[in-house]
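Asker: Got a structure for you, questions after.
The values are calculated or read from the model by the stated rules, or taken from the named source; none is laboratory data. None of these values were measured; they are calculated from a predicted model. Cβ sites come from the backbone with ideal geometry, for glycine too, and all protein chains shown count toward neighbours.
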Amino acid sequence: MTGDAAAAVRAGHRDAPEPPVAAVLARAAWLAILLGLTVQILVLAAKIAAGGQSNRLQLIVDVASGVTWSALVCSGVAIGTVLSRHRAAIMGLLGLVSAPVAWAAAKGVQRGVQSMLGVPVETIGPLVYQVGAAKTLEYALLGVLLGRLVRTPSSTLARHVLTGLLVGFVFGSLILLLNHMHASTTGAGLPAARIVAICVNEILFPVGCATVIYFVARFADRRSAIERLAAGGG
């Protein structure tokens, strides 16, 4: 985009009203819910492709838990794009706070739905706390990285996806290792379908959450979005 064209774009949007906070947070919540549903469908498809069995009741449990987790953790980080004007430290702090809250809520919903459906209720053991701790660090780091990214002209969708992919790969590997160590102590290895499900889930959620934050940031601050476009960003 040329300098004259960029100036024209900025001039045409300089007085554009910014969307209300409630509208931004509502959009973040709906995007996060959609993310949770999408990831659970993809996890189910990957599990079946790897030889796992499809269980309708377990699918309901997984969807309820996944949507709760996604809605709370992504919305929590998204608050930083509205209230903190994308300050990295604040977004990291929100990730640090929202991840354990979302993890506890997701496990609570999971156990509640399991009880209502009459299926075995998952026990809360060391693995749950270990994975919860890993996710807390993961989304604190993701919040900081995204907070830094959205403030730069290089804040493109591709860079958000890459950031989520790298964070997801690192912490997904850790979570897979924790599951493997837990399975080893019980004398049973992880089934291939379980490994695939963990990999898909732990990679796609941070990628999807980074994508949600990208669109929420653009919606929350239209002037910044216009300036990024004028500077050659996505």
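Asker: Quick check on my filter: what residues within the stretch 122-150 are within 24 Å of His180 (Cβ to Cβ) and assigned to a loop (DSSP other than H, G, I, E, B)?
Answerer: Glu122, Thr123, Ile124, Gly125 - these are the residues of the stretch 122-150 that are within 24 Å of His180 (Cβ to Cβ) and assigned to a loop (DSSP other than H, G, I, E, B).
Asker: Is there a residue being in a helix (DSSP H, G or I), in contact with an Asp or Glu (Cβ under 7 Å, 6 or more places away or on another chain) and surrounded by 16 or more Cβ atoms within 10 Å (Cβ to Cβ) anywhere in the stretch 152-169?
Answerer: Checking the stretch 152-169: at least one residue is in a helix (DSSP H, G or I), in contact with an Asp or Glu (Cβ under 7 Å, 6 or more places away or on another chain) and surrounded by 16 or more Cβ atoms within 10 Å (Cβ to Cβ).
Asker: For the stretch 81-110: of the residues being surrounded by fewer than 23 Cβ atoms within 10 Å (Cβ to Cβ) and β-branched (Val, Ile, Thr), which is modelled with the lowest pLDDT?
Answerer: Filtering first and then ranking leaves Val82.
Asker: A further question on this structure: Scan the stretch 150-190 for residues that are touching a Gly at 6+ places or on another chain (Cβ under 6 Å) and among the aliphatic types (A, V, I, L, M) and jot them down.
Answerer: Within the stretch 150-190, Leu157, Ala183 qualify.
Asker: A further question follows. Checking the structure you have, find out if any residue of the stretch 214-230 is part of a helix (DSSP H, G or I), of a type outside the set (A, V, I, L, M) and modelled with pLDDT of 85 or more.
Answerer: Yes.
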